[in-house]
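Notes follow the structure.
The values are calculated or read from the model by the stated rules, or taken from the named source; none is laboratory data. Note that the structure is predicted; figures quoted are calculated from it, not measured. Side chains are part of the model used for accessible areas, which takes the heavy atoms of the whole protein and leaves out ligands, DNA and RNA. Shrake-Rupley method; radii C 1.70, N 1.55, O 1.52, S 1.80 Å.
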Amino acid sequence: MNDTVTILGRVGADPNRSATSVGDSIVNFRVASPQSRYDAKSQSWIETGTNWYNVSAFRQLADHAKASLRQGDGVIVTGRLKLREWESGGRKGMSADIDAEAIGHDLRWGASAYIKANSATPASRPVPNENALPPADDSSSDEPGGPDESATAALEGAEGVEGAEGAEAEEGADHEESEMAFSGDSWTSRQ
């Protein structure tokens, strides 16, 4: 089976990077896609389980995914689905693997800063730091309110998004998350 699918979910753990014998990047991570439905009779959401997918990305997409994704991030992944049977220690199961063609943050749950890669030398260009901002316009890079400051202000002004300093200060802090459920064609928050 080699179907193209698109899934919505949350990154289960920070992506792991490795490389092929010729040096091409590979990134692997898992995505949890919760399944639930709205029960009109009880007027509440009913959990029906969570599907877990093993996602692999290669080359430049792998480098970008490693630099961009963190555990708990909402993501949208499109790629080729492969169902694989496995057996280990007397147990058998089925694994759902996706070879990613495109990966992006699910912007329904937060903001994301886009940094375009240099297309002239994609393999040799280092992937920017997760907190880096786009290069400043030469004409106003040293002026207050220039491109870097306005980009930071725009991101910090977005609801639920903090600047780099706030994100570093809260690393490891406990966060209360509301549960999300998919109904029809949209996700909704449950308290």
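One quarter of the convex hull surface built on the alpha carbon atoms of the stretch 41-99 amounts to 7.0 nm², the projected area averaged over directions. The DSSP beta bridges internal to the stretch 1-125 are antiparallel in roughly 95% of cases.
Bridging of K116 to lysines at a Cα separation below 25 Å is possible for K66, once same-chain residues fewer than 8 apart are set aside.
Straight-line cross-link partners of K92 among the lysines, defined as a Cα under 19 Å from its Cα and at least 8 positions apart when in the same chain: K82. Residues in the stretch 60-65 carry Karplus couplings, in order, of 5, 4, 5, 4, 5, 5 Hz; the curve used is 6.51 cos²θ - 1.76 cosθ + 1.60 with θ = phi - 60°, and Gly or Pro positions show x.
Computed over protein heavy atoms with a 1.4 Å probe, the accessible surface of the stretch 1-112 works out to 59 Å² per residue.
List the lysines whose Cα sits under 16 Å from the Cα of K41, skipping any in the same chain fewer than 8 residues away. Once the sequence-local lysines are set aside, nothing remains near K41.
What a 1.4 Å probe finds exposed on the stretch 27-79 is 47% carbon and sulfur by accessible area, rounded to a whole percent.
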